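Some notes on the structure that comes next.
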Amino acid sequence: MSELAHPTPLITNDAIVLAILMMILAFAFKSSGSDHPFWKKFYTYVPMLLVCYFVPSIFSTLNIIPGEGGGSQLYFVASRYLLPASLVLLTLSIDLKGIINLGPKAVIMFLSGTVGIIAGGPIAILIVSTFAPHIVGGEGPDAIWRGMATIAGSWIGGGANQTAMKEVFGPSGDIFSIMVTVDVIVANIWMAFLLYGAARSDRVDKFFKADSSNIDEVRRNVENYRLSITKMPTLSDTMVILGVGFGITGISHLLGGFIAPWIQEVAPELDKFSLTSKFFWIVISATTLGILLSFTNLRKLEGAGASRIGTALLYVLIATIGMQMDLKSIYENYQLFMVGIIWMSVHVIILLSVGRLIKAPFFFIAVGSQANVGGAASAPVVASAFHPSLAPVGVLLAVLGYALGTYGAWLCGIIMQAVAP
């Protein structure tokens, strides 16, 4: 296996790349609201959120803008700065009691997704080894299962868990580079299906015979509250909203920068639960402080468009996630992508089977899956595709994924080592 090459893209200036992403978002929003027959027909079948996600991936695939490993800092900035601010602004008007009343099905679906990832890796190796053992073989650091263990870390928890698995199982640089691509592509393809399904959740819920009344009630309560406090926002309102969002983001970084090293020093064994990850504590802090602010008068900022600004920040993150996906890699490493797709299929089958069994709404299935596979960066993206007020549900489940990620991935890696040819 050869290490993945990253040829220099046509545009490397992040300011210009950001401009392109913002124009893509502007075009998607403008065209989705157009009365032109073509666009009305187009958006009947293609969710607008999917356009915001896939068009940047086309640009990065054509090497116009940087993709995964291309040197752009936009995804880092969006995930570290815009995401926490977005979470704060989306949680300002949260109906915490309503979310608690959603019941245990959300956690059940999340744990079903985790089981699907742990079981899916070994099953994928067993299936492929029956007809092409060389694909999932290898010796020493080049053993494929070692690289797959890092994907398990990413798909149960996130980047911190993936890094932990790289240190634990020691795959070679070549293997790890390819597995990062398999991780990003397969996970994002599944995310695209979830976004597509989110736009048709009513039909999916009918198939599952699911009762989504609790979710609808939370959504209605938030909408009614917003209508009761809505006003024409002034510049002062907008600046206060931004001040709150980015102010709490700064506090979250301060707390993350203090708590993570402190835990690393006094209890390094907690690293296996990602408690030494700064990003983990940034997400925890932003979400917690946002929820606490929902009990204060700052909740009324929702009337001036707090969640609207939060959603705008989230869409910038969506575009930067999209640019991480290189469609050419599917062809260049198709054999390992086949392994990844089988693996993800096991996750999906278990998820849908449990969902059908307990009659879970598609919202819980989608967010439970993405909280595993995508983590805190994209679980709120999928949740907000149903309604912006539901984004915190995705964050809370993703945090659970960080806690379980390293342990679950380690178990998955040990089982894959046992079954590998």
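Read the figures in this text as sums done on the coordinates, not as results from a lab. Keep in mind it's a predicted model, so treat the numbers as computed, not measured. Reconstructed Cβ throughout: ideal geometry from the backbone, glycine too, with neighbour counts over all protein chains shown.
Over all directions, the projected convex hull of the C-alpha atoms in the stretch 75-419 averages 17.4 nm² in area.
Only counting other Cβ atoms within 10 Å, I'd like Thr130, Thr61, Thr181 sorted with the fewest neighbours first. Spell out each step's value before the answer.
On the way: Thr130 9, Thr61 17, Thr181 24.
So the residues, fewest neighbours to most, are Thr130, Thr61, Thr181.
How much length would be gained if the chain were fully extended between Asp174 and Phe295, taking 0.36 nm per residue of separation minus their Cα-Cα distance, in nm to one decimal? Each step should come with its number before you reach the end.
On the way: separation 121, 0.36 × 121 = 43.56 nm, distance 4.99 nm.
Contour length minus Cα-Cα distance gives 38.6 nm.
Against the main long axis of the alpha-carbon atoms of the chain, helix 159-169 sits at an angle near 20°. Residue by residue, the stretch 62-76 carries 3J(HN,Hα) couplings of 7, 6, 7, 10, x, x, 4, x, x, x, 6, 9, 5, 5, 4 Hz when phi is fed to the Karplus relation 6.51 cos²θ - 1.76 cosθ + 1.60 (θ = phi - 60°); x denotes Gly or Pro. Protection proxy ranking, highest mean first, for peptides 311-319, 359-367: 359-367, 311-319, where packing is the per-residue count of other beta-carbon atoms within 10 Å, averaged. Projecting the Cα atoms of Gln324, Gly305, Leu111 onto the charge dipole of the stretch 75-419, computed from C-beta unit charges around the Cα centre, puts Gly305 farthest toward the positive end.
The GNM of the chain, with springs linking C-alpha atoms under 10 angstrom apart, assigns the highest mean-square fluctuation among Ile321, Ile16, Ile259 to Ile16.
Dipole orientation for the stretch 75-419: of the candidates Tyr402, Phe131, Phe246, Phe246 has the Cα lying most toward the positive pole (charges on Cβ; Lys, Arg +1; Asp, Glu -1).
Applying 1/(1 + (r/R0)^6) with r as the Cβ-Cβ distance of Thr12 and Tyr334 and R0 = 22 angstrom yields a FRET efficiency of 0.20. Annotation: the residues Trp39, Trp155, Trp262, sorted from fewest to most other C-beta atoms within 10 Å of their own C-beta, follow the order Trp262, Trp39, Trp155.
Mind checking the dipole of the stretch 191-297: about its Cα centre, +1 per Lys or Arg Cβ, -1 per Asp or Glu Cβ, Debye to the nearest 20?
Numbers: 10 positive and 10 negative charges, 73 e Å.
Using only the charged Cβ atoms, the result is roughly 360 debye.
Per the helix-only calculation at 222 nm, which mean residue ellipticity applies to the chain, given -39500 (n - 2.57) for every DSSP H run of n ≥ 4 and division by its residues, nearest 500 deg cm²/dmol? Numbers along the way, then the final one.
Details: 20 runs with 304 residues, N = 421.
Result for the chain: -23500 deg cm²/dmol, rounded to the nearest 500.
Once backbone amide H atoms are built at 1.01 Å from N, His387 has no partners under 5 Å, excluding neighbours fewer than 5 places away on the same chain. Across the options Ala391, Ile349, Asn224, the greatest Cα extent toward the positive end of the charge dipole of the stretch 75-419 (unit charges at beta carbon of Lys, Arg, Asp, Glu) belongs to Asn224.
Can you give the FRET efficiency for Glu217 and Thr238, using 1/(1 + (r/R0)^6), R0 = 35 Å, r = Cβ-Cβ distance, to the nearest 0.05?
Between Glu217 and Thr238 the formula returns 0.70.
Evaluated with a Cβ-only charge set (Lys, Arg +1; Asp, Glu -1), the chain carries a dipole of roughly 1320 debye about its Cα centre, given to the nearest 20. Fewest neighbouring Cβ atoms within 10 Å first, the residues Arg203, Arg356 line up as Arg203, Arg356. Other residues with beta-carbon under 12 Å from the beta-carbon of Ile358 carry, at +1 per Lys or Arg and -1 per Asp or Glu, a net charge of +3.
A simple spin-label model places pseudo-atoms 7 Å from Cα toward Cβ; at Leu327 and Ser31 they are separated by 1.3 nm. Between Lys41 and Arg308, the C-beta separation translates, for a Förster distance of 30 Å, into a calculated FRET efficiency of about 0.65. If you take the Cα centroid of the stretch 174-250 and the Cα centroid of the stretch 367-412, the two points sit 11 Å apart. Annotation: peptides 69-80, 226-237, ranked by per-residue average of other Cβ atoms within 10 Å with the highest first, follow the order 69-80, 226-237.
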